[in-house]
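As structure tokens, the structure follows; a few thoughts come after it.
The values are calculated or read from the model by the stated rules, or taken from the named source; none is laboratory data. Since the structure is predicted, the reported quantities are computational estimates derived from the model, not experimental observations. Just so you know, the surface numbers come from the protein's heavy atoms only, side chains and all, with ligands and any DNA or RNA stripped out. Shrake-Rupley method; radii C 1.70, N 1.55, O 1.52, S 1.80 Å.
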Amino acid sequence: MTIKGVLFDFSGTLFRIEPTESWLRAVAGELGVPLADGELARAAAGLERAGAMPGGAVPVTVPAHLAELWANRDRSAEQHRAAYTGAAREVALPDPRLYDALYERHMTPEAWRPYGDAAEVLAGLRERGMRVAVVSNIGWDLRPVFRAHGLDAYVDAYVLSYEHGVQKPDPRLFALACEALGLDPRDTLMVGDDRRADGGAAALGCALHFVDHLPADRRPDALRPVLGLLG
């Protein structure tokens, strides 16, 4: 097998969402909602337990009334918003405007930080003539995040679950990415942080490489081995 293209997951692989307290603090500040440090910390901890921040912690438990929606949340923009705002509403916050504003905040480039080696690796792939696609379970258009952080020029195609009504690990989403790159799946490498979701690419014959879903400051160079896998 000769690798001719690389498929990347987005959240937890190329980019990391901001910490939950920063997320809540930014939105509360924009809305003028006062939150003392203790109240902020308690609310942020509750949101983390609920899994209310896309790209953040997974929920400790999913309430029964959200279970079906949660399982299919990445199939459409509407389901994604409803699932995450529904999870957030399991936590008592001092102003009801916060729930929708938190969801809006997570879609902004300011809420995301590229991993320290993402630009280096993407540029290295471009220099080697590799085709690159981003394959993400998501409910909104992440292209502005890549543009704002100067990484869009390295991506040839974006295949986003909500745009196709298909979510990983369904092999169809990876097949769409390979088709967009004009490559046989057996000539591609899938790089992700979720062994179940991203591992779905193996059904097509894609090679796999996994990284750990860690904060950016704790994972400075986990993507660099990708360049060594190209042969």
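The table below gives the values:
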quantity	calculated
Heavy-atom accessible area order for M190, M130, largest first, 1.4 Å probe	M130, M190
Label selected from (i) 1.32; (ii) 0.98; (iii) 1.03, the criterion being Cα Rg over 2.2 N^0.38 Å as computed here	(iii)
Radius of gyration, Dmax [the range 95-166; alpha carbons; angstrom]	14.4, 51
Exposure rank, largest accessible area first [Y103, Y162; 1.4 Å]	Y162, Y103
DSSP beta bridges in the chain [antiparallel fraction, %, rounded to 5]	15
Accessible area, probe 1.4 Å, largest first, for residues H209, H65, H164	H65, H164, H209
Calculated [θ] (222 nm, deg cm²/dmol) that DSSP helices of n ≥ 4 give over the chain, each run adding -39,500 (n - 2.57)	-10500 deg cm²/dmol
For the range 31-108, convex hull volume per residue from C-alpha positions, Å³	94
Convex hull of Cα atoms in the range 174-224, direction-averaged projection (nm²)	3.8
Principal axis dimensions, largest first and in whole angstrom, of the range 139-231 by Cα	33, 31, 24
Two-decimal Rg/Rh across the range 1-132, once Rg and the Kirkwood Rh are taken from alpha-carbon atoms	1.06
